[in-house]
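> Quick one: the structure is below, and I'll ask about it shortly.
The values are calculated or read from the model by the stated rules, or taken from the named source; none is laboratory data. Just so you know, these numbers come straight off a predicted model, no measurement behind them. All Cβ positions, glycine included, derive from the backbone under ideal geometry; neighbour counts span all protein chains shown.
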Amino acid sequence: MSFHPLMEYDPGRFHHSERKIADEGAPFVFTPERRAKLDEILTEYPPERKRSAVLAALYLVQEQEGYLTANGMRHVAGILDLTPAEVEDVATYYVMFFKEKVGKYVLQVCRTLSCALNGAERVTESLSEKLGIKVGETDPSGMFTLLEFECLGACDRAPVVMVNNEHWHEHATPESCSKLIDDIKAKGEAALSGCHLKVEK
Amino acid sequence: MDPVLTRYVREPNGHTLDFFLQHQGYEGLKKALAMKPGDVIEMVKASGLRGRGGAGFPTGLKWQFVLKDTPLPKYIACNADESEPGTFKDHVLMERNPHLVFEGCLIGCWAIGAKVAYIYIRGEFYHVQKVLEAELAKAYDKGYVGKNILGTGFDCDIVIHRGAGAYEAGEETALIESFEGKRAQPRIKPPFPAVSGIYNCPTAVNNVETLCNVPGIVLNGVEWYTSLGPDKNFGPKLYCVSGHVKKPGVYEATMKTTLRELIFDYAGGVRDGHRLKAVIPGGSSVPMLLPDQLDIPASFDDVAKAGSMLGSAAIIVMDETTCMVWVAKNLMYFYRHESCGKCTPCREGGDWLYKILTRLENGEGSMRDIDLIASVAGNIAGKTLCPFGDAAAAPALTTVKNFRSEFEDHVREGRCTVPSDWRGWRVAAGAH
Ligand SMILES: Cc1cc2nc3c(=O)[nH]c(=O)nc-3n(C[C@H](O)[C@H](O)[C@H](O)COP(=O)(O)O)c2cc1C
Ligand code: SF4
Ligand code: FES
């Protein structure tokens, strides 16, 4: 790498990637339903272009295991005629794939400008306090993981919290998020609405 | 102007096929299928439609560039990655007007001779994707998509492809790489996607909003379209206003509308008791404008003349409670995080800038650091494979240029001196 003449360096940390490469996990095969779903997705691409379905296949692994295990990725590689390294290469690039075990509910607070201008930092802080964990951690019960996320494309509803890559909680405040946690604890999945503004409409 | 693209977004059933058909839905497609593909392209060219994804490139021209004499299949790639911070217009179009997106894709396919349109939607829009999938199934059922569309013998499929969280996947060649099941890293251009795109076949990459403009042009004609908006910036445009405004949201207007009108009339202005400090007119990647620069039409050309870019028309508004050193750091975190890592200036430079800005924001920086920003950012802008590099350099460069005294205050006082009522209570030094 090159060096900037005026730059001070912190020794030992040149590269900023802190991504963890997956652990082995349990032995893995898709459930028959998921396998059928993947086969259906494969029909949408030319037969010699199976690789296009790799993101879809990884979503299915994540759905089954909760995160991407090395065994899961190898299984995908086998189906799509790729090497395990090729699958891992893709998997480690995209932020919606978890490379280590996460909680049952992953809370992702948008931290980009419009959300931050509307109080996202306070939302993150209050969630962190309520759950007793820092950003990036999972609580001891294995129920919640707290993460930060980049702009979700809903800045008019800032701040936004996304749960499990699918469900959105908009116009978040420390109070509404505290309630969300309580609701999830009480009702589980039922507390999540996809996109709560839609439900309000 | 009466909204064209978003007229029915508040109707509870506005997104359904039945509703769409009652309101001239798929009429543009019918008319297009009765025309020669070349004539459709000519029509889009004459309308002056410019791409809404960021660059403002003429859409008709892009379609004309798609290779004609080739045995290879051709594709439309509908860019629904919408990740530019501050942008949320395609979100609304897809969720509330999905059939308009399909109609645009189908006309595009007819025009360039493609048999498949792939909609690459960002993974976070899963609830939107479900709406699209449900409506697409209905459109297939009723013969608007699939084999022998409307009995004309034209076959065309639409496939929805889910991304997995990567800003860079919005760049057209990175989108193609990602679509092919690889990392979202751009390709070297040329060849442009029009010659070699998806699976190395000719491909037109078009933004969602761009494609949504096409049915109206075909149905209502070029004259109608060019009557909306100033010269060379025709048609309806969606603006996303967010940040410190009273009524953030998506607003449809012509490009005659000024930035000031958009912020103060449409979006209700800044919060009561506050003053406007700075505005980012086109998504986080473009240079910011000051309050006295807002009396210009929000068009591609006028915003460019003012030294910025209309980009994705994402207007982010900041009032006087906003510390500009913090803004630069917040956005730099984004670019450092999202850099695809393919070229060194962007990958390493972004990290350096973030570190310098962090120390300045914490009050641990020196005056020399302020000049260092210009030096490092200057070595990123214009020296990278894709425009991401320029985008990453912009926030740091424009904040230093316009608000240098705030950076100096941080150094002198050793802390942030801008009071704010929304920053974290315990934002620890060097958090993140
Ligand atoms: C870093 C980067 C990110 C981009 N993100 C998007 C995006 O999210 N959505 C989009 O439509 N275009 C995006 N673009 C622009 C596309 O490369 C491309 O110009 C656009 O999709 C073309 O469509 P249009 O001609 O209809 O605007 C991005 C470009 C760059 C350089
Ligand atoms: S400028 Fe940045 S995002 Fe673009 S190709 Fe280079 S490293 Fe990747
Ligand atoms: S900044 Fe949070 S959704 Fe855009």
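> Between B:G378, B:G363, B:G414, which is more than 9 Å from every other protein chain (Cβ to nearest Cβ) and under 22 Å from A:A116 (Cβ atoms)?
Numbers: B:G378 fails: under 22 Å from A:A116 (Cβ atoms); B:G414 fails: under 22 Å from A:A116 (Cβ atoms).
Within the list B:G378, B:G363, B:G414, the selection yields B:G363.
> Among residues belonging to region B:329-348 that are in a helix (DSSP H, G or I) and within 9 Å of ligand 2 (Cβ to nearest atom), point out the one that is surrounded by the fewest Cβ atoms within 10 Å (Cβ to Cβ). Write out each step before concluding.
Within region B:329-348, the subset in a helix (DSSP H, G or I) is B:329-338, B:344-348.
Filter once more, keeping what is within 9 Å of ligand 2 (Cβ to nearest atom): B:335, B:338, B:344-347.
Values: B:Y335: 28, B:E338: 25, B:T344: 14, B:P345: 22, B:C346: 28, B:R347: 21.
Among residues in region B:329-348 that are in a helix (DSSP H, G or I) and within 9 Å of ligand 2 (Cβ to nearest atom), the one surrounded by the fewest Cβ atoms within 10 Å (Cβ to Cβ) is B:T344.
> Select from region B:178-209 the residues that are surrounded by 24 or more Cβ atoms within 10 Å (Cβ to Cβ) and hydroxyl-bearing (S, T, Y) and write down the one among them that is farthest from B:W63 (Cα to Cα).
B:S178
> Among the residues of region B:139-164, how many are of a type in the set (K, R) and assigned to a strand (DSSP E or B)?
Just the residues of region B:139-164 that are of a type in the set (K, R), to begin with: B:142, B:147, B:162.
Subsequent filtering for residues that are assigned to a strand (DSSP E or B) retains B:147, B:162.
Of the residues in that region, 2 qualify.
> State the number of residues belonging to region A:157-193 that are surrounded by 15 or more Cβ atoms within 10 Å (Cβ to Cβ), in contact (Cβ under 8 Å) with a residue 40 or more places away in the chain and under 30 Å from B:Y239 (Cβ atoms).
Here the count works out to 10.
> I'd like to know if region B:207-221 contains one or more residues that are in the same structural domain as B:A34 (by TED's automatic domain parsing), assigned to a strand (DSSP E or B) and touching a residue at least 24 places away in the same chain (Cβ under 8 Å). Write out each step before concluding.
Residues of region B:207-221 in the same structural domain as B:A34 (by TED's automatic domain parsing): B:207-221.
Filter once more, keeping what is assigned to a strand (DSSP E or B): B:207.
Checking which are touching a residue at least 24 places away in the same chain (Cβ under 8 Å) leaves us with B:207.
Yes.
> Across region A:19-73, what is the number of residues that are in a loop (DSSP other than H, G, I, E, B) and free of Cβ contacts under 8 Å to residues at least 40 places away in the same chain? Please lay out each step first, then the result.
Just the residues of region A:19-73 that are in a loop (DSSP other than H, G, I, E, B), to begin with: A:19-31, A:43-46, A:66-69.
Next, only the ones that are free of Cβ contacts under 8 Å to residues at least 40 places away in the same chain stay: A:31, A:43-46, A:66.
Of the residues in region A:19-73, 6 are in a loop (DSSP other than H, G, I, E, B) and free of Cβ contacts under 8 Å to residues at least 40 places away in the same chain.
> Would you check which residues across region A:119-136 are at positive phi and away from chain B (no Cβ under 12 Å) and list them?
Taking region A:119-136 first, the residues at positive phi are A:119, A:132, A:136.
Hit for region A:119-136 is A:G132, nothing else.
> Looking for whichever is modelled with pLDDT under 95 and of a type in the set (A, V, I, L, M) here; the options are B:V286, B:V303. Which one fits? Working first, answer last.
Details: B:V303 fails: modelled with pLDDT under 95.
Of the residues listed, the single one that is modelled with pLDDT under 95 and of a type in the set (A, V, I, L, M) is B:V286.
> Which of (1) closer than 15 Å to B:S312 by Cβ; (2) at pLDDT 95 or above does B:G53 not meet, given it meets every other one?
It is condition (2) that B:G53 fails.
> I've got another one for you. I'm told B:P215 meets every condition in (1) facing chain A (nearest Cβ under 9 Å); (2) modelled with pLDDT of 95 or more except one. Can you identify the failing condition by its number?
Checking B:P215 against (1) facing chain A (nearest Cβ under 9 Å); (2) modelled with pLDDT of 95 or more, the one that fails is (1).
> Does B:E11 satisfy being charged (D, E, K, R), within 14 Å of chain A (Cβ to nearest Cβ) and away from ligand 3 (no atom under 16 Å from the Cβ)?
Judged against the criteria, B:E11 is a match.
> A further question follows. Just to be sure, is B:E133 assigned by TED's automatic domain parsing to the domain that holds B:G25 and either without any contact (Cβ under 8 Å) to a residue 24 or more places away in the chain or away from ligand 3 (no atom under 16 Å from the Cβ) (or both)? Lay out the reasoning, then the answer.
Details: assigned by TED's automatic domain parsing to the domain that holds B:G25: yes; either without any contact (Cβ under 8 Å) to a residue 24 or more places away in the chain or away from ligand 3 (no atom under 16 Å from the Cβ) (or both): yes.
Yes; evaluated as a whole, the condition is true for this residue.
> Filter region B:74-114 down to the residues that are assigned to a loop (DSSP other than H, G, I, E, B) and more than 16 Å from ligand 3 (Cβ to nearest atom) and list them by number.
We begin by selecting, within region B:74-114, every residue assigned to a loop (DSSP other than H, G, I, E, B); these are B:74, B:81-88, B:97, B:113-114.
Hits for region B:74-114 are B:K74, B:N97, B:G113, B:A114.
> Next question. Considering only region A:83-178, give the helices (runs of 4 or more DSSP H) lying wholly within it that have at least 1 residues that are of a type in the set (K, R) and within 16 Å of ligand 3 (Cβ to nearest atom). Explain how you work it out, then say what you get.
Working: elements: A:84-91, A:113-117, A:120-131.
Of the helices (runs of 4 or more DSSP H) lying wholly inside region A:83-178, those with at least 1 residues that are of a type in the set (K, R) and within 16 Å of ligand 3 (Cβ to nearest atom) span A:120-131.
> Quick test of your reading of the structure: B:A55 fulfils all but one of (1) within 14 Å of chain A (Cβ to nearest Cβ); (2) within 16 Å of ligand 2 (Cβ to nearest atom); (3) more than 12 Å from B:V208 (Cα to Cα). Name the failing condition by number.
Going through the list (1) within 14 Å of chain A (Cβ to nearest Cβ); (2) within 16 Å of ligand 2 (Cβ to nearest atom); (3) more than 12 Å from B:V208 (Cα to Cα), B:A55 breaks only (1).
> Among the residues of region A:74-97, write down those that are free of Cβ contacts under 8 Å to residues at least 24 places away in the same chain and not acidic (D, E).
Answer for region A:74-97, where residues must be free of Cβ contacts under 8 Å to residues at least 24 places away in the same chain and not acidic (D, E): A:V76, A:A77, A:G78, A:T83, A:P84, A:A85, A:Y93.
> Can we say B:P281 is without any contact (Cβ under 8 Å) to a residue 60 or more places away in the chain, under 24 Å from the mean Cα position of the chain (by Cα) and either within 16 Å of ligand 3 (Cβ to nearest atom) or in the same structural domain as B:Y251 (by TED's automatic domain parsing) (or both)? I'd like the intermediate steps shown before the answer.
On the way: without any contact (Cβ under 8 Å) to a residue 60 or more places away in the chain: yes; under 24 Å from the mean Cα position of the chain (by Cα): yes; either within 16 Å of ligand 3 (Cβ to nearest atom) or in the same structural domain as B:Y251 (by TED's automatic domain parsing) (or both): yes.
Yes, satisfied.
> Could you grab me the full set of residues in region B:266-300 that are of a type in the set (K, R) and within 14 Å of chain A (Cβ to nearest Cβ)?
Taking region B:266-300 as the starting set, the residues that turn out to be of a type in the set (K, R) are B:271, B:275, B:277.
Matches in region B:266-300: B:R271, B:K277.
> Select, from A:T69, A:T83, the only residue that is surrounded by 20 or more Cβ atoms within 10 Å (Cβ to Cβ), more than 27 Å from A:K187 (Cα to Cα) and of a type outside the set (D, E, K, R).
On the way: A:T83 fails: surrounded by 20 or more Cβ atoms within 10 Å (Cβ to Cβ).
Of the residues listed, the single one that is surrounded by 20 or more Cβ atoms within 10 Å (Cβ to Cβ), more than 27 Å from A:K187 (Cα to Cα) and of a type outside the set (D, E, K, R) is A:T69.
> Search region A:98-114 for residues that are buried (at least 18 other Cβ atoms within 10 Å of the Cβ) and pair each with any residue that is of a type in the set (D, E) when their beta-carbon atoms are under 6 Å apart and the residues are at least 6 apart or on different chains.
Taking only residues 6 or more apart or on different chains, the pairs are A:V109/A:E148; A:R111/A:E148; A:T112/A:E150.
> With the requirement that a residue be assigned to a loop (DSSP other than H, G, I, E, B) and within 22 Å of B:F102 (Cα to Cα), what does region B:165-190 give you? Even if it seems obvious, please write down each step before you answer.
At the first step, the residues of region B:165-190 found to be assigned to a loop (DSSP other than H, G, I, E, B) are B:165-166, B:171, B:180-190.
Result: B:E171, B:E180.
> With the structure loaded, tell me whether B:A391 is crowded, with 22+ Cβ neighbours inside 10 Å and touching a residue at least 60 places away in the same chain (Cβ under 8 Å) or whether it fails that test. Before the answer, list the steps.
Numbers: crowded, with 22+ Cβ neighbours inside 10 Å: yes; touching a residue at least 60 places away in the same chain (Cβ under 8 Å): yes.
Criteria met by B:A391.
> Just to be sure, is B:A139 away from chain A (no Cβ under 13 Å) and buried (at least 21 other Cβ atoms within 10 Å of the Cβ)? Lay out the reasoning, then the answer.
Values: away from chain A (no Cβ under 13 Å): yes; buried (at least 21 other Cβ atoms within 10 Å of the Cβ): yes.
Answer is yes for this residue.
> Also, quick follow-up: If you go through region B:357-378, how many residues are crowded, with 19+ Cβ neighbours inside 10 Å and either of a type in the set (V, I, T) or within 15 Å of ligand 2 (Cβ to nearest atom) (or both)?
Residues that pass the stated criteria total 4.
> What are the residues in region A:51-63 that are more than 14 Å from the chain's Cα centre (by Cα) and more than 8 Å from every other protein chain (Cβ to nearest Cβ), if any?
Hit for region A:51-63 is A:A57, nothing else.
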